[in-house]
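A.B. asks: Handing you a structure now.
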Amino acid sequence: MNCSLEQIAGKIKSATSVLIMTHMRPDGDAFGSSLALSTALDNLGIANEVCVETDIPSNLTFINGIDKVKKAPTREYDLLVTVDCSDEQRLGALQSEFLLAKRKKIDTVNVDHHISNIGFAKYNFVRECSANCMNVATLIADMGAPFDKKTSEYLLIGLLTDSGNFSHDDVTEETFLLAAKLVKAGADIRYYNYMLFKTQPKARAALYAKTMSGIRYYHDDRFAVIVISKENMELCGADNGMTEGFVDFPLNVDTVEVAASVMEVKKGQYKISLRSKEYVDVNKIAGVYGGGGHIRAAGCMLFGDVEEVLDKLSYTVSQYLN
């Protein structure tokens, strides 16, 4: 059922132990949402754990307290909360934990901002906005938890990453007002801007140069694609976390309306990240292949030989460019 954040706040405050989960291959908004909610629960004296199926991406290991995130729950819980996750399959290996909770009649809550969210929990709140941390910030306020420095830092990380450092077209007055509130509470926006967008290891710089030198253009240069192969990542000593933001470079080419990053996960499997500039709804493109996200940013998985994947993607994008 669809609920208000006030109703969800009441549900959370009545729990004795909460499991918080987010999507596989988590980004700044996933971790920011999870850790901010966890800190709020700590402040209210409610036991909790944060779990995600994958290792911490290398670009986010600097986040203070991120080492508390586990790959599987280690304690009993009477409420399961997912944040920044559009469907249960996006939980990856932790989908089994979600299904177990349903079988055991443990209440499940879903707080998200993706347009593709299917309302998969018992209690759902889904509102499109710049970052899910905006929804979580309201939830924390409704819970009566303080906006201390630590909570505010986590929320700011999510706000900065998912808004593209306040550059996406879903950024509103509310986005800036929340940022101001978080900075006032002690979050250092200069530090997080630097750590998220202005610094990188040598391996990332090498992979970036190698990847961007091979940009492919389709459909009168309106669609641009980069391919990130495992071979090149290994040659450069890079990992998946270092590819964050790569897809934004081809989108900046003046003729390009849609950009895609095609990253090899394993032989025959590719993670597709899609971005658009003005009029194409990439959520619909991702939806063709079982993915989703937002109008201007979405993702999916494609399988096959890389050239087959590029052919499929190029054809699908062409249907939305025209």
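A.B. asks: I want to make sure I understand the PRE zone here: with the label point 7 angstrom from the Cα of N322 toward its beta carbon, which residues in region 211-244 have backbone N atoms less than 17 Å away?
C.D. replies: Residues 218-223 qualify, since their backbone N sits under 17 Å from the label point.
A.B. asks: Dipole magnitude of the chain about its Cα centre, charges +1 at Lys/Arg Cβ and -1 at Asp/Glu Cβ only, in debye to the nearest 20?
C.D. replies: Roughly 680 debye for the chain.
A.B. asks: Lysines within cross-link reach of K181: Cα-Cα under 25 Å, excluding same-chain residues under 8 positions apart?
C.D. replies: K13, K149, K150, K198
A.B. asks: Return the ratio Rg/(2.2 N^0.38 Å) for region 128-283, where Rg is computed over Cα atoms only.
C.D. replies: Here the answer is 1.19, to two decimals.
A.B. asks: Please state the charge dipole magnitude for region 13-156, taken about the Cα centre, from unit charges on C-beta atoms (+1 on K and R, -1 on D and E), reported in debye and rounded to the nearest 20.
C.D. replies: 340
A.B. asks: How far is helix 149-162 tilted, in degrees, relative to the longest principal axis of the Cα atoms in the chain, given as a value from 0 to 90 rounded to the nearest 10?
C.D. replies: Taking the Cα atoms of the chain, the angle to 149-162 is about 30 degrees.
A.B. asks: Also: In nm, to one decimal, how far is the modelled label at K266 from the one at R75, with both set 7 Å along Cα→Cβ?
C.D. replies: 3.3
A.B. asks: Hey, got a sec? Which trypsin sites (Lys or Arg not before Pro) in region 81-146 land in a DSSP loop and have at most 16 other Cβ atoms within 10 Å?
C.D. replies: Counting only loop positions with at most 16 other Cβ atoms within 10 Å, the trypsin sites (Lys or Arg not before Pro) in region 81-146 are K104, K105, R127.
A.B. asks: Another question about this same structure. Between rounded, prolate and oblate, where does region 120-182 land on the alpha carbon gyration tensor, with a ≥ b ≥ c its root eigenvalues, rounded for a/c under 1.5, else prolate if a/b exceeds b/c?
C.D. replies: Oblate shape, in that a/c is at least 1.5 and b/c is the bigger or equal ratio.
A.B. asks: Determine the equivalent ellipsoid of region 175-229 by diagonalising the alpha-carbon gyration tensor, then write out the semi-axes as square roots of 5 times the eigenvalues, largest first, rounded to whole Å.
C.D. replies: Largest first, region 175-229 gives 35, 18, 6 Å.
A.B. asks: Using only Cα atoms and rounding to the nearest 10 degrees, what angle (0 to 90) does helix 306-321 make with the longest principal axis of the chain?
C.D. replies: Its long axis makes an angle of about 80 degrees.
A.B. asks: Moving on to the next point. Using the Cα gyration tensor of region 1-160, with a ≥ b ≥ c the square roots of its eigenvalues, what is the shape: rounded (a/c below 1.5), prolate (a/b larger than b/c) or oblate (neither)?
C.D. replies: Judged from the Cα gyration tensor, region 1-160 comes out rounded (a/c under 1.5).
A.B. asks: Rounded to the nearest 500 deg cm²/dmol, what is the calculated helix-only ellipticity per residue at 222 nm for the chain, with -39500 (n - 2.57) per DSSP H run of length n ≥ 4?
C.D. replies: So the calculated ellipticity at 222 nm is -11000 deg cm²/dmol.
A.B. asks: With a 1.4 Å probe and every protein chain left in place, work out the accessible area per residue of the chain in Å², rounded to a whole number.
C.D. replies: That works out to 44 Å² for each residue.
A.B. asks: While we're looking at this one, here's another question. Report the per residue volume, in Å³, of the convex hull enclosing the C-alpha atoms of the chain.
C.D. replies: Cα convex hull per residue, to the nearest whole number: 128 Å³.
A.B. asks: A further question on this structure: Could you check how much of the accessible area of the chain is carbon and sulfur, as a whole percent, using a 1.4 Å probe?
C.D. replies: 50
A.B. asks: Next question, about the same structure. Considering just Cα atoms, how many Å³ per residue does the convex hull of region 241-321 enclose?
C.D. replies: Roughly 87 Å³ of hull volume per residue.
The values are calculated or read from the model by the stated rules, or taken from the named source; none is laboratory data. Keep in mind it's a predicted model, so treat the numbers as computed, not measured. Neighbour counts are summed over all protein chains in view; Cβ atoms, including those assigned to glycine, are modelled from backbone coordinates with ideal geometry. Heavy atoms of the whole protein, side chains included, go into the accessibility calculation; ligands, DNA and RNA do not. Shrake-Rupley method; radii C 1.70, N 1.55, O 1.52, S 1.80 Å.
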